[in-house]
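Q: Pasting a structure below so you can have a look.
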Amino acid sequence: MREINASIPFDKALWRQDIAGSRAHVAMLAKQGIVSAEDAKAIDDGLQQVAAEYERDGVPEDWDLEDIHMTVEARLTELIGPVAGRLHTARSRNDQVATDFKLWVREATNCALDGIAALQRALVVRAGEHADSVMPGFTHLQTAQPVTLGHHLLAYYEMLRRDASRFGDNLARADECPLGAAALAGTGFDLDRTMTADALGFARPTANSLDTVSDRDFALDYLQAASQCALHLSRLAEELILWASQPFGFVRLPDSLSTGSSIMPQKKNPDAAELVRGHAGRIVGATTALIVTMKGLPLAYSKDMQDDKPPVFEAAGLLDLCLAAMEGMIAGADFNAERMRHAAGLGHATATDLADWLVREADIPFREAHHITGAAVKLADRKECTLEDLSLDDLKGIDARLDERVRAVLTLDASVAARASYGGTAPDRVREQVAAARRALGMEE
């Protein structure tokens, strides 16, 4: 029982939040006249001494004390004597742990937001550098249409923008203080819960004591936002892994975020990117673990909820590491624009431009234009050349309505420049989006 019941090996990470909550609680008890000012000062001074010890030496693990709450209180009692027992007046470990954990998750959320913003800045800088760099755009991992590298990188900026929004929504929902809900029913003491909420940086106290001590939505919200963010990071990591391979050769990743082989001296492995891709699975697994833990619990508190913290702690550590690694890879990547441009010229990436030209200039339905373009692609394949390299006679042999003007739309640069609709890949649109992103991130122009 001692071993299965103890949570101090992992919930000791909450010691700062536990002491902050206790200091806010005892200050409120003194203000309400529930404990004397003298006792409150002794308790507050003792808590600050405990905090200094933990900061210097770490938190001791005594499994007989079960958790961080009893560990702090036991040390406080050693320092100031029986008066320490007044600290737990009008609270329970149930509302105490909910407060500690919510404070920790809010800090983790802000760390994630900082990491997202740093990666976004790196993406925006590189997108600005490569607003004109042409590369193949893919669907089904087949060459589809030419795009710019800047446009491609900004796609991940947008994903991260939504991730930041999800984390921000969690902060708004988690802006209610659990302290004072006590075990499950509230307390008969005349508490000022607004005072403790203010002291701990919350907008307001929670409104229902039963919900308060049984709620872990804030942790689930964090994990689900982290999972979505990790999926986006994994997609970016996968692309960097592909691009760094010899068949692609689109990018060289920084040496500091790559490794060599123990047997093959020529190898440069994208291990950091592969670990980001792998860590996404662990973060999603952490989310699933807590969902399953919470799915069948009746109100209010059950000991199952002690298992809420390890998956969140693990996911938060992994997410922060992944964001930092991706920022380093994007900032330090050496993109091979010439190789990308060459690849964009393969696979007849301007075929859609040919079809669009027929619609605009020959006033024919797109389906017919699609058929004509397909014939041109087949001819280019037989001749082992690009659409741009087909002669005028070749084109007219396919359809007499094709004339010299069509050549202007078959170049890579013309193709990307033509995609000038809002949100398109045209270099001018990319530069506009870079400027908007810089403003949104508070970057100097």
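The values are calculated or read from the model by the stated rules, or taken from the named source; none is laboratory data. None of these values were measured; they are calculated from a predicted model. Cβ coordinates were reconstructed from backbone atoms using ideal geometry, including for glycine residues, and neighbour counts include every protein chain displayed. In case anyone asks, the SASA skips ligands and DNA or RNA and just uses the protein heavy atoms, side chains included. Shrake-Rupley method; radii C 1.70, N 1.55, O 1.52, S 1.80 Å.
Q: Of the GluC sites (Glu not before Pro) in region 25-93, which ones lie in a loop per DSSP and count no more than 13 other C-beta atoms within 10 Å? Before the final figure, lay out each step's value.
A: Details: sites: Glu38, Glu53, Glu55, Glu61, Glu66, Glu73, Glu78; in loops: Glu61, Glu66.
Counting only loop positions with at most 13 other Cβ atoms within 10 Å, the GluC sites (Glu not before Pro) in region 25-93 are Glu61.
Q: Projected onto the charge dipole of the chain (+1 at Lys/Arg Cβ, -1 at Asp/Glu Cβ, origin at the Cα centre), which of Met70, Gly21, Ala337 gives the Cα projection farthest towards the positive end?
A: Looking along the dipole axis, the top candidate is Ala337.
Q: Of Val59, Ile4, Val35, which is farthest along the charge dipole of region 1-89 in the positive direction, counting Lys and Arg as +1 and Asp and Glu as -1 at C-beta?
A: Val35
Q: If you take all C-alpha pairs in the chain, what percent of them are over 31 Å apart? Before the final figure, lay out the partial values.
A: Numbers: 55423 of 98790 pairs.
Tail of the P(r) past 31 Å holds 56 percent of the pairs.
Q: Sticking with this structure for a sec: Using the alpha-carbon atoms, what tilt in degrees (0 to 90, nearest 10) does helix 271-294 show relative to the longest principal axis of the chain?
A: Here the helix axis deviates by roughly 50 degrees.
Q: Report the GluC sites (Glu not before Pro) located in region 263-345 that are in a DSSP loop and have at most 12 other Cβ atoms inside 10 Å of their Cβ, or state none. Before the final figure, lay out the partial values.
A: Working: sites: Glu274, Glu314, Glu327, Glu338; in loops: none.
Nothing satisfies the criteria.
Q: Further question on the same structure: What's the longest bit of the chain with no exposed trypsin sites (Lys or Arg not before Pro), using DSSP loop states and at most 16 other Cβ atoms within 10 Å as the test? Working shown, then result.
A: Working: sites that count: Lys267, Lys268, Lys295, Arg401.
So the longest stretch without any such site is 1-266.
Q: A follow-up question, please. Could you work out how far apart the two model spin labels at Leu321 and Asp217 are, taking each label as a point 7 Å from the Cα in the direction of the beta carbon, and quote it in nm?
A: With each label placed 7 Å out from Cα toward Cβ, I get 3.2 nm.
Q: Could you give the angle, 0 to 90 degrees to the nearest 10, between helix 309-332's Cα long axis and the longest principal axis of the Cα atoms of the chain?
A: Helix 309-332 sits roughly 40 degrees off the main axis of the chain.
Q: To the nearest 0.05, what FRET efficiency results for Trp63 and Lys41 with a Förster distance of 30 Å applied to their C-beta separation? Before the final figure, lay out each step's value.
A: Working: r = 32 Å, r/R0 = 1.07.
The computed FRET efficiency comes out at 0.40.
Q: Working out 0.36 nm times the residue gap between Cys111 and Ala207, then minus their Cα-Cα distance, what length gain in nm do you get to one decimal?
A: Numbers: separation 96, 0.36 × 96 = 34.56 nm, distance 2.76 nm.
Computed gain between Cys111 and Ala207 is 31.8 nm.
Q: So for the chain, taking the charge dipole from beta-carbon charges (+1 Lys/Arg, -1 Asp/Glu), which of Met195, Leu236, Phe313 sits furthest toward the positive end?
A: Of the candidates, Leu236 comes out farthest on the positive side.
Q: Please give the FRET efficiency for Gln32 paired with Glu338, using the beta carbon to beta carbon distance and R0 = 60 Å, rounded to the nearest 0.05. Display every interim value, and only then the final one.
A: On the way: r = 72 Å, r/R0 = 1.20.
After rounding, the FRET efficiency stands at 0.25.
Q: Excluding ligands, DNA and RNA, what is the solvent-accessible area per residue of the chain at a probe of 1.4 Å, expressed in Å²? Each step should come with its number before you reach the end.
A: Working: 20680 Å² over 445 residues.
Normalised by residue count, the accessible surface of the chain is 46 Å².
Q: A further question on this structure: Which value, in debye to the nearest 20, gives the size of the charge dipole of the chain about its Cα centre, when Lys and Arg are +1 and Asp and Glu are -1 at the Cβ? Spell out each step's value before the answer.
A: Numbers: 47 positive and 67 negative charges, 150 e Å.
Computed charge dipole of the chain: roughly 720 debye.
Q: Can I ask one more? Using unit Cβ charges (K, R positive; D, E negative) and no other charged atoms, how large, in debye to the nearest 20, is the dipole of region 204-281 about its Cα centre?
A: Details: 7 positive and 9 negative charges, 64 e Å.
It works out to roughly 300 debye.
Q: Note the angle between two axes, namely the Cα long axis of helix 93-129 and the longest principal axis of the Cα atoms of the chain, as a number of degrees from 0 to 90, rounded to the nearest 10.
A: 20 degrees
Q: Could you go through region 231-239 in sequence order and give the Karplus-derived ³J(HN,Hα) for each residue, using 6.51 cos²θ - 1.76 cosθ + 1.60 with θ = phi - 60°, rounded to whole Hz, and x for Gly and Pro?
A: Karplus values, whole Hz, x for Gly and Pro: 5, 5, 5, 5, 5, 5, 4, 4, 5.
Q: So, one more: Expected output is a single nm value to one decimal: the length gained when fully extending between Ala436 and Glu404, i.e. 0.36 nm times separation in residues minus the C-alpha distance. What is it?
A: 7.7 nm
Q: Let me ask something else about it. Please give the FRET efficiency for Gln49 paired with Thr89, using the beta carbon to beta carbon distance and R0 = 25 Å, rounded to the nearest 0.05. Numbers along the way, then the final one.
A: Working: r = 21 Å, r/R0 = 0.82.
For Gln49 and Thr89, the calculated efficiency is 0.75.
Q: How many Lys pairs in the chain lie less than 15 angstrom apart by Cα atoms, where the lysines are 8 or more positions apart or on different chains? Could you put the intermediate results ahead of the total?
A: Working: Lys12/Lys102; Lys12/Lys309; Lys31/Lys41; Lys102/Lys309; Lys295/Lys303; Lys378/Lys396.
Qualifying lysine pairs in the chain: 6.
Q: Taking region 114-219, which chymotrypsin sites (Phe, Trp or Tyr not before Pro) meet the DSSP loop condition and have no more than 15 other C-beta atoms within 10 Å? Write out the running numbers ahead of the final one.
A: Working: sites: Phe138, Tyr156, Tyr157, Phe167, Phe189, Phe202, Phe218; in loops: Phe189, Phe202.
Those that pass, being in a loop and sparsely packed, are Phe189.
Q: Mind checking the log10 I(q)/I(0) for region 345-439 at q = 0.14, 0.19, 0.22 Å⁻¹? Debye, one equal scatterer per Cα, no solvent, two decimals.
A: Cα-only, vacuum Debye calculation for region 345-439: -0.54, -0.85, -1.06.
Q: Kindly list the residues of region 307-326 that lie in the label zone of Arg282, defined by a backbone N under 15 Å from the point 7 Å along the Cα-to-C-beta vector.
A: The answer is 310-326, whose backbone nitrogens lie closer than 15 Å to the label point.
Q: While we're looking at this one, here's another question. On the accessible surface of the chain, probed at 1.4 Å, how many percent belong to carbon and sulfur atoms? Display every interim value, and only then the final one.
A: Working: 10730 of 20680 Å².
In the chain, the share of accessible area belonging to carbon and sulfur is 52 percent.
Q: At 7 Å along the Cα-to-beta-carbon direction for both Met70 and Glu361, put a label point, then send me their distance in nm to one decimal.
A: 8.3 nm
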